[in-house]
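Each remark here refers to the structure printed beneath this line.
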Amino acid sequence: MRNVVIIGSGCAGNTAAIYAARASLAPLVAAGHEPGGQLSLTTQVENFPGFPDGVNGPELVENIKLQARNFGAEYVPGEVIEADLSKRPFRLNIDGDWIETRALIIATGASARWLGLESERKLIGHGVSSCATCDGFFYRDKEIMVVGGGDSALEEANFLTRFGRRVTVVHRRDQFRASRIMTDRTRANPKIELVTGVVIDEVHDPSQGVVTGVTLRNAATGEKWRREVDGLFVAIGHVPNTAIFKGQIDLDADGYIVSHGGARTSVPGVFHAGDVADRTYRQAITAAGAGCIAAIEAERFLEAQGH
Ligand code: NAP
């Protein structure tokens, strides 16, 4: 029987682990299928407070984990494949082994949706990014491409014009999914070029270890051509990792956890932290803050239960 189990080892989960461990709750962290979370997919992080020269993303998240372990947090490498939140203690199946816990912090994050190209995967963190706020700064006076046709893609494209020489938005259809106001604003931005009805077939060049261009394909005619770019921002949506909680806690239509104030979910004793309940900010620092809030709330919950 655990006092608190934290699912997920990104910025949110690891920060929750520091606070829970320092509160002598001996937390167990199930590291999950993407240990380190989104930060482990980045390179340099320049907007996390406390690092005037920036910090390497994977190193930052590893250090937060190390800090939690120094206070006694225990990490297991597995993934929670099933959860029973119908009564307390809650029951969790970690890769086949059931454990019980009095409180639960869900910090499973939201995974960026990717195009699914092998070349794209190889260049994540080396010119391919899913976060304009995080990485836009590195593309000063460069040729930037954004893929997607929703609000995120157009918002990122507008943001990236602060840095890039030119920003090209590539969208697979002719109609944008984004709101009218965002679409109009994007069309009016002289630094943005909109390329519609076009998909990305290949990202170059994994053999050089850096993005040099893409192969585009007209979705209707099949015609292909190459375009030189320095950075490719993939903004085709995020998928919150909540499948195992469906039907057990309140989720919104897209699967994000609905907050019931602070870090509370619809189930007393189950708390959320980080991107799993945040479709707006999605930053390392907001996730870390959310992890802190969740741990403090879990501690107070357990105290009120007499533990
Ligand atoms: P979204 O609205 O689901 O849009 C995803 C876009 O990516 C769509 O245009 C989609 O194309 C495209 N796409 C999906 N899979 C693709 C693939 N495999 N290859 C190429 N393109 C692909 O996601 P989002 O833009 O992240 O927005 C999520 C939610 O947050 C929305 O409700 C949005 O309004 C909201 N949001 C609001 C703001 C704001 O108000 N400032 C900012 C950001 C996000 P199709 O259109 O062809 O399906």
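No lab work stands behind these numbers, since they all come straight from the coordinates. All figures in this text were calculated on a predicted structure; none of them were measured in a lab. Neighbour counts are summed over all protein chains in view; Cβ atoms, including those assigned to glycine, are modelled from backbone coordinates with ideal geometry.
Results, tabulated for the structure shown:
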{"item": "Angle in degrees between helix 151-160 and the longest Cα principal axis of the chain, rounded to the nearest 10", "result": "70 degrees"}
{"item": "Neighbour-count order for I7, I64, fewest beta carbons within 10 angstrom listed first", "result": "I64, I7"}
{"item": "14 Å beta-carbon shell around V239, net charge (K/R +1, D/E -1)", "result": "-1"}
{"item": "Sequence-distant residues sharing a close amide H with F271 (under 5 Å, placed H)", "result": "L104, I105, I106"}
{"item": "Three-way shape call for region 250-307 based on the alpha-carbon gyration tensor, with the a/c threshold at 1.5", "result": "oblate"}
{"item": "Burial ranking of peptide ranges 266-275, 284-293 (average Cβ count within 10 Å, highest at the top)", "result": "266-275, 284-293"}
{"item": "Loop trypsin sites (Lys or Arg not before Pro), region 166-265 (other Cβ atoms within 10 Å of the site Cβ: 10 or fewer; DSSP)", "result": "K246"}
{"item": "Relative contact order computed over region 1-152 (Cα-Cα under 8 Å; 6+ residues apart), in percent", "result": "27 percent"}
{"item": "Sorted by Cβ neighbour density within 10 Å, fewest at the top, the residues F51, F176", "result": "F51, F176"}
{"item": "Rounded to 5, percent antiparallel among DSSP beta bridges of the chain", "result": "45 percent"}
{"item": "Relative exposure of I99, I144, I105, judged by other C-beta atoms within 10 Å (fewest first)", "result": "I99, I144, I105"}
{"item": "For region 250-266, Karplus couplings with θ = phi - 60° (6.51, -1.76, 1.60), whole Hz, Gly/Pro x", "result": "5, 10, 7, 4, 9, x, 6, 5, 7, 6, 10, x, x, 9, 6, 9, 6"}
{"item": "Cysteines (scope the chain) whose Cβ has no counterpart Cys Cβ under 4.7 Å", "result": "C11, C292"}
{"item": "Farthest positive-ward along the chain dipole, Cα basis, beta-carbon charges - from A178, T168, W98", "result": "A178"}
{"item": "Net +/- balance of residues flanking G213 in space, Cβ distance below 10 Å, scoring K and R +1, D and E -1", "result": "-3"}
{"item": "Amide H partners (placed H, <5 Å) of H204, local residues excluded", "result": "T212, G213, V214, T215"}
{"item": "Relative contact order of the chain, pairs being alpha-carbon contacts under 8 Å that are 6 or more residues apart, as %", "result": "21 percent"}
{"item": "Rounded tilt (10° steps) of 57-70 against the dominant C-alpha axis of the chain", "result": "0 degrees"}
{"item": "Inter-label distance, nm, simple model (7 Å from Cα along the C-beta direction), R121/W98", "result": "3.5 nm"}
{"item": "In region 48-140, chymotrypsin sites (Phe, Trp or Tyr not before Pro) in a DSSP loop with at most 16 other beta-carbon atoms within 10 Å", "result": "F71, W114"}
{"item": "Mean-position separation - Cα centroids, region 89-147 and region 278-307, in angstrom", "result": "20 Å"}
{"item": "Region 106-158: trypsin sites (Lys or Arg not before Pro) in DSSP loop, at most 14 other beta carbons within 10 Å", "result": "R113, R140"}
{"item": "For region 105-218: rounded, prolate or oblate by the Cα gyration tensor [a/c cutoff 1.5]", "result": "rounded"}
